[in-house]
Amino acid sequence: MSALDKIKKMLKGHEDQAGKGIDKAGDMVDDRTKGKYSGQVDTAQDKLRQQFGSERDQDGRPHS
């Protein structure tokens, strides 16, 4: 079992919390880099949400 599979198994049932953590981490990176890499950070956040099943934006709306 890969590390990613183990993480997915641990997060199962806690998708909303995982999404909040992804948002917080992205915001922290944006703050520290003063938004220089915000496009790349947004892309990474979207990919992480897809991997971990948290398909919601920061506002709580379903991610499109």
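Restricting to segment 1-31, name every residue that is outside any loop (DSSP other than H, G, I, E, B), among the basic types (Lys, Arg) and farther than 16 Å from Gln45 by Cα. Across segment 1-31, the qualifying residues are Lys6, Lys9. Scanning segment 42-58 for residues that are modelled with pLDDT of 80 or more, polar (S, T, N, Q) and touching a helix residue (DSSP H, G or I) at 6+ places or on another chain (Cβ under 9 Å), we see that the one that is nearest to Ile7 (Cα to Cα) is Gln51.
Restricting the first member to segment 38-56 and to residues that are part of a loop (DSSP other than H, G, I, E, B), and the second to residues that are at pLDDT 90 or above, the beta-carbon pairs closer than 7 Å and six or more apart or on different chains are Ser54/Ile22.
Among the residues making up segment 1-50, those that are surrounded by 13 or more Cβ atoms within 10 Å (Cβ to Cβ) and of a type in the set (Asp, Glu) are Glu15, Asp23, Asp27, Asp30, Asp46.
The values are calculated or read from the model by the stated rules, or taken from the named source; none is laboratory data. For clarity, every value in this text was computed on a predicted model and none was experimentally measured. Backbone-built Cβ (ideal geometry, glycine too); neighbour counts: all protein chains shown.
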